[in-house]
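Structure first, then comments.
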Ligand SMILES: [Zn+2]
């Protein structure tokens, strides 16, 4: 496990938890302004001590000012409390359950700015994959950390009932508008998979893919397939069956969207 410098401000440590949903594993991001003595850790990852110790080693010469969570799924959050106790720093998250200390000040809301040395991190709420999903924008670096809202390969799931499709489509639209704004988004740093260097193309693909799936679900419903399981067999025939349980959650999210 080695630290991989990705940009001037962001380095990655890959957690050893590969799988059909986690791709190569969870990306733990270490953010630090060039030359600064302090750092921020985003998504410490699952409770795998060898990984968490590697992250601690990577930040040993800096003071960690906070741990941030893109969302509460365990492959991003499970190691946060252990890591924060070792690094002696707070944990900030949308979901109060993960905050350390548990006070309101450790939340993450629209417009929040987190600083660490000269590093500036802006919070962009992007509910949908889960309702507690956020992205982190590094204006100095042109990098947007997307958690599981946008992955480095393939597409993400709307994790019904934690997530919801309507908010997810809105989040993708606002991310695409942001990527095409003068803000200067150069790349997406996802929670799993490789860095995305063409944000607009990938966000457009995500939106088209979602609308295509919705149309397929509408067609399946019209053909009399009414249960999520039947629709998965019909609509996701092209997808590895190992992903069908996740696809079923996505179909449930789509059914909830079509029949609120
Ligand atoms: Zn997730």
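What follows is calculated from the coordinates using simple rules that are stated; it is not laboratory data. Computed from a prediction, not measured in an experiment: that's the story for all the values here. Reconstructed Cβ throughout: ideal geometry from the backbone, glycine too, with neighbour counts over all protein chains shown.
When each of the peptides 184-193, 22-31 is scored by how many other beta carbons lie within 10 Å of its residues on average, the order from highest to lowest is 22-31, 184-193.
Efficiency by 1/(1 + (r/R0)^6): what FRET value for residue 2 and residue 242, r their Cβ-Cβ distance, R0 = 22 Å, to the nearest 0.05? Can you show the working numbers first?
Values: r = 29 Å, r/R0 = 1.32.
With R0 = 22 Å, the Cβ-Cβ based efficiency is 0.15.
Helix 165-179: angle to the longest alpha-carbon principal axis of the chain, degrees 0 to 90, nearest 10? Orientation of helix 165-179: about 50 degrees from the principal axis. Once the convex hull of all Cα atoms in the range 149-200 is built, its volume per residue stands at 77 Å³.
In angstrom, the C-alpha Rg and Dmax of the range 99-155 are 12.5, 37. With the convex hull of the Cα atoms taken as the outline of the range 104-202, the averaged projected area works out to 6.6 nm².
Based on the alpha-carbon gyration tensor of the range 1-50 and its eigenvalue square roots a ≥ b ≥ c, which shape applies: rounded if a/c is under 1.5, prolate if not and a/b is larger than b/c, or oblate?
On the way: a/c = 2.65, a/b = 2.03, b/c = 1.30.
It is prolate, given that a/c is not under 1.5 and a/b is the larger ratio.
What ratio of Cα Rg to 2.2 N^0.38 Å holds for the range 1-113? Ratio of Rg to 2.2 N^0.38 Å for the range 1-113: 1.00.
The share of alpha-carbon pairs in the range 122-260 lying farther apart than 21 Å comes to 41%.
Over all directions, what mean area does the Cα convex hull of the range 63-159 project, stated in square nanometres? Present the calculation step by step, with values, prior to reporting the outcome.
Values: hull surface 25.8 nm².
In nm², the orientation-averaged hull projection of the range 63-159 is 6.5.
Would you mind checking the range 82-101 for residues with the amide N under 13 Å from a putative spin-label position 7 Å along Cα→C-beta of residue 53? Answer for this model: none.
Distance between the 7 Å Cα→Cβ label points at residue 226 and residue 61: 6.6 nm.
Using square roots of five times the C-alpha gyration tensor eigenvalues, list the equivalent-ellipsoid semi-axes of the range 198-260 in whole Å, biggest first. Write down the numbers at each step before the final one.
Details: eigenvalues 87, 40, 21 Å².
After diagonalising the Cα gyration tensor, the semi-axes are 21, 14, 10 Å.
For the range 4-197, the Stokes-Einstein estimate of translational diffusion at 25 °C and a viscosity of 0.890 mPa s comes to 151 µm²/s, using the Kirkwood hydrodynamic radius over alpha-carbon pairs.
Take every DSSP beta bridge whose two residues both sit in the chain; close to 70 percent of them are antiparallel.
Of 109, 220, 237, the residue with the greatest mean-square motion in the GNM of the chain, using alpha carbon springs below 10 Å, is 237. Rounded to the nearest 500, the 222 nm mean residue ellipticity of the chain from helices alone is -10000 deg cm²/dmol, with -39,500 (n - 2.57) taken per DSSP H run of at least 4 residues. For the pair the range 1-63 / the range 208-247, the C-alpha centres are spaced 36 Å from each other.
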